[in-house]
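The values are calculated or read from the model by the stated rules, or taken from the named source; none is laboratory data. Remember, it's a predicted structure, so these values are computed and weren't measured experimentally. Every residue, glycine as well, gets a Cβ built from its backbone with ideal geometry; the counts of neighbours run over all protein chains shown. These area figures cover heavy atoms from the full protein model, side chains too; ligands, DNA and RNA do not enter into them. Shrake-Rupley method; radii C 1.70, N 1.55, O 1.52, S 1.80 Å.
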Amino acid sequence: MERIVVGMSGGVDSSVAALLLKRQGYDVVGVFMKNWDEQDENGECTATQDWHDVQEVCGLLDIPCYAVNFQKEYQDRVFAQFLEEYRRGRTPNPDVLCNREIKFKAFLDFAMKLGAGGMATGHFVRRGQREGRPLLLKGGDPAKDQSYFLYMLKEAQLERALFPVGDMTKAQVRQVAQEAGLPVSRKKDSTGICFIGERNFRRFLQGYLPLREGEMRTLEGQVVGRHQGLAYYTLGQRRGLGIGGAGDGRRWFVIGKDLGRNVLLVAQGEDHPALYSRYVRASQPTWIGEPPAGEGVPFRCGVKFRYRQGDQPAWAVRLGEEIFLRADGLQRAVTPGQSAVLYAGEACLGGGIAEEAGPEPMAQVDGIFPEA
RNA sequence: UGGGGUAUCGCCAAGCGGUAAGGCACGGGACUUUGACUCCCGCAUUCGUAGGUUCAAAUCCUGCUACCCCAG
């Protein structure tokens with residue numbers, strides 16, 4: 001009987017994942033990860049409740065249950081980078097790193113040590129196969145597809161991973177949980193950074209990054225307010241600017257950062273041109289399997305610039321250690337540090353980290369894409 | 001100091017005798033395994049201030065105060 005180690009968060013998805021594997025006859029072991037030990041601002045530690053739920057579920061399923069602590073790894077391989085990105089004025093996505101470095105590396109290694117044939121999580125993604133090689137496919141619930149967070153996985157990692165709830169909808173997962181009498185069947189979906197949880201983001205960052213006040217200016221140079229520190233804002237952001245009544249009375253949005261002058265650039269109106277771009281340069285390309293085309297050869301694909309965004313039809317091309325993209329349509333607030341994830345239909349191809357975005361092609365790719 | 005004008009929510013701003021629009025900001029919620037966006041709800045018993053007229057005033061009258069403009 002093959003042993004599978006399930007990463008259990010105490011939520012419905014991973015609980016049902018364990019349940020399904022158990023029913024399929026695997027030797028299931030539940031493991032809870034604790035990678036962050038701070039309490040939230042209310043002095044609560046949701047991890048305590050989650051660990052409690054994991055134990056209860058495992059008891060019901062009659063499977064062994066352990067807790068592991070990857071705090072050190074999380075700190076070194078995820079959080080340090082996260083802060084460094086913010087210091088550079090960018091907006092990182094810690095969860096894509098967390099998946100590559102913690103859940104599908106540190107945790108996977110741990111599972112192997114337990115003698116498992118593989119690991120499983122409650123992610124809403126499916127694993128496909130082509131010519132004997134693993135594919136990462138979107139989840140069966142289009143509203144819940146989480147492939148965006150897993151695009152950095154390599155074949156070797158995918159090969160050992162199972163996603164038991166990947167072809168189900170959220171509603172089906174909850175129903176299975178309820179029918180099985182799992183106590184977490186109605187537990188609210190978790191949000192916020194994985195393992196850290198829902199936070200007042202500015203306050204959270206203030207614990208790690210110094211305040212450095214400065215001006216908020218329009219593109220024309222007019223000072224319209226003050227900011228508390230560039231790191232606390234991200235492109236396309238509206239709330240928290242505190243600019244009211246100025247100009248024509250419309251909403252204000254962050255459109256850029258001038259690190260050198262410590263100036264936050266803002267513009268008025270949701271349709272402001274500075275908020276939109278078509279061309280994107282992305283670094284750190286990663287591919288699940290072989291890249292979809294040779295270097296310098298443009299190819300069609302779908303792109304997501306953020307979680308839960310529909311696939312944006314686009315052209316892409318690899319050049320050296322970078323990916324260049326041209327979306328068919330205008331993209332709102334493509335933000336440096338965020339991930340651009342590429343798709344071919346249901347399959348996630350991989351992706352990269354956005355470095356810059358703009359309405360005009362970068363010099364490296366001027367004229368390289370076929371005319372629309 | 002004369003002459004004129006304006007004073008309504010943190011900001012902008014409707015209102016013109018009948019019992020305080022709206023926008024932005026802000027607060028709360030929904031959505032959401034990043035950050036955002038979006039959506040919903042809330043947000044002046046009170047109209048610079050003190051009196052007066054009137055059944056009834058932010059709206060009319062008078063004094064005072066503040067600011068702005070023009071004279072000087």
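Assorted remarks:
- Qualifying position, being in contact with a Leu (Cβ under 6 Å, 6 or more places away or on another chain), more than 21 Å from A:G89 (Cα to Cα), surrounded by fewer than 20 Cβ atoms within 10 Å (Cβ to Cβ) and not hydroxyl-bearing (S, T, Y), among A:E346, A:E321: A:E346
- Among all positions in the range A:203-215, there is at least one residue which is modelled with pLDDT of 90 or more and open to solvent by 70 Å² or more (accessible area, probe 1.4 Å).
- Any hit, the range A:294-309, residues being open to solvent by less than 40 Å² (accessible area, probe 1.4 Å), at positive phi and touching a Leu at 6+ places or on another chain (Cβ under 7 Å): yes
- Residue within the range A:289-298 that is in a loop (DSSP other than H, G, I, E, B), over 26 Å from A:R100 (Cα atoms) and aliphatic (A, V, I, L, M) present: yes
- Taken together, A:R318, A:R332, A:R326, A:R308 contain a single residue that is more than 22 Å from A:L158 (Cα to Cα), of a type in the set (K, R) and touching a residue at least 60 places away in the same chain (Cβ under 8 Å), which is A:R332.
- Annotation note: Cβ proximity below 7 Å between a residue of the range A:123-148 that is in contact (Cβ under 8 Å) with a residue 24 or more places away in the chain and of a type outside the set (A, V, I, L, M) and a residue that is open to solvent by 30 Å² or more (accessible area, probe 1.4 Å) and within 9 Å of RNA strand B (Cβ to nearest atom) (sequence gap 6+ or interchain) occurs for A:H123/A:Q146; A:F124/A:K144; A:F124/A:Q146; A:G139/A:Q146; A:Y148/A:Y307.
- The range A:93-141, subset open to solvent by less than 30 Å² (accessible area, probe 1.4 Å) and in a loop (DSSP other than H, G, I, E, B), residue nearest to A:Q172 (Cα to Cα): A:D141
- Every listed requirement among (1) free of Cβ contacts under 8 Å to residues at least 60 places away in the same chain; (2) surrounded by 17 or more Cβ atoms within 10 Å (Cβ to Cβ) is met by A:V223 save one, (2).
- The range A:53-76, subset within 21 Å of A:M112 (Cα to Cα), within 29 Å of the chain's Cα centre (by Cα) and of a type in the set (A, V, I, L, M), residue most open to solvent (accessible area, probe 1.4 Å): A:A67
- Matching residues in the range A:1-27 - criterion: being in a strand (DSSP E or B) and open to solvent by 30 Å² or more (accessible area, probe 1.4 Å): A:R3, A:D27
- For the criterion of being of a type outside the set (G, A, S), within 25 Å of A:E346 (Cβ to Cβ) and touching a helix residue (DSSP H, G or I) at 6+ places or on another chain (Cβ under 8 Å), A:Y86 fails.
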